[in-house]
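> Let me give you the structure first, and then I'll get to my questions.
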């Protein structure tokens with residue numbers, strides 16, 4: 001692993017995620033070599049083939065010493081998420097009495113999820129009044145959360161209803177097909193303002209994980225004071 005410079009970190013924090021908790025990119029090293037890999041929490045880079053063979057413990061140890069690498073990164077280009085990898089989920093209806101009827105709404109949404117056959121892109125919709133979301137992360141100091149406790153544009157999360165299926169950090173890795181295999185046991189609660197822009201989709205199997213959960217992208221981020229301090233789940 002190699003640590004990014006402060007300048008690169010600032011830039012990466014403002015760029016969209018590829019999935020919940022990571023980005024993908026091509027970096028140019030100080031040797032002139034170009035490598036493709038995964039960017040963890042906007043701070044460290046690990047080559048694609050290396051990450052596949054690393055255990056969660058290996059990743060944590062490597063991150064701790066990444067800053068002493070003799071190599072440095074001179075340039076980074078992000079790999080964007082292809083639109084057709086996000087299977088679209090359409091809202092069935094908007095209920096005015098959301099808190100009273102949310103169970104019925106999510107049952108309808110789950111039916112759409114089960115029937116989804118791969119829309120080329122998920123439409124941008126908006127949040128309802130009182131709607132709640134969660135984000136699972138391997139990091140207490142998740143760089144996608146601003147100093148004023150909002151989310152940065154292009155940040156991934158999931159619905160509070162879908163998050164009920166996750167009881168451990170390892171279950172989060174499996175359900176949301178996370179490429180970072182460290183336990184995503186830091187659960188942030190997100191309460192965005194009404195009419196916050198988002199996309200919803202179904203997590204497809206990837207990186208040896210089954211997926212199947214609901215993924216949400218906050219297209220323009222969320223307002224200040226919308227993200228809680230994390231609850232810590234079992235590993």
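The values are calculated or read from the model by the stated rules, or taken from the named source; none is laboratory data. Quick caveat: nothing in here was measured; it's all calculated off a predicted structure. All Cβ positions, even for glycine, are placed from backbone atoms using ideal geometry, and neighbour counts span all protein chains on display.
> Test residue 84 against the criterion of being under 28 Å from residue 220 (Cβ atoms) and at pLDDT below 95, and give yes or no.
For residue 84, the condition - under 28 Å from residue 220 (Cβ atoms) and at pLDDT below 95 - is met.
> Which of the residues belonging to the stretch 144-168 are touching a residue at least 60 places away in the same chain (Cβ under 8 Å), over 11 Å from the mean Cα position of the chain (by Cα) and surrounded by fewer than 23 Cβ atoms within 10 Å (Cβ to Cβ)?
146, 148, 149, 150, 152, 153, 166, 167, 168
> For the list (1) modelled with pLDDT of 95 or more; (2) more than 13 Å from the chain's Cα centre (by Cα), I need the number of the one condition that residue 212 fails.
Condition (1) is where residue 212 drops out.
> Residues being exposed (fewer than 15 other Cβ atoms within 10 Å of the Cβ) and touching a residue at least 60 places away in the same chain (Cβ under 8 Å): count how many of those fall in the stretch 194-205.
Residues flagged as exposed (fewer than 15 other Cβ atoms within 10 Å of the Cβ) and touching a residue at least 60 places away in the same chain (Cβ under 8 Å) within the stretch 194-205 amount to 2.
> Filter the stretch 8-32 for residues that are in contact with a strand residue (DSSP E or B) (Cβ under 7 Å, 6 or more places away or on another chain) and in a loop (DSSP other than H, G, I, E, B); which is farthest from residue 181 (Cα to Cα)?
So, considering only residues that are in contact with a strand residue (DSSP E or B) (Cβ under 7 Å, 6 or more places away or on another chain) and in a loop (DSSP other than H, G, I, E, B), the one farthest from residue 181 (Cα to Cα) is 30.
> For the stretch 50-70, enumerate the residues that are exposed (fewer than 14 other Cβ atoms within 10 Å of the Cβ) and outside any helix (DSSP H, G or I).
55, 70
> Quick check on the stretch 33-47. Is at least one of its residues part of a loop (DSSP other than H, G, I, E, B) and more than 14 Å from residue 1 (Cα to Cα)?
Yes, because at least one residue in the stretch 33-47 is part of a loop (DSSP other than H, G, I, E, B) and more than 14 Å from residue 1 (Cα to Cα).
> Quick check on the stretch 170-182: of everything there that is surrounded by fewer than 23 Cβ atoms within 10 Å (Cβ to Cβ) and touching a helix residue (DSSP H, G or I) at 6+ places or on another chain (Cβ under 9 Å), which residue is nearest to residue 48 (Cα to Cα)?
Among those residues, the one meeting the criterion is 181.
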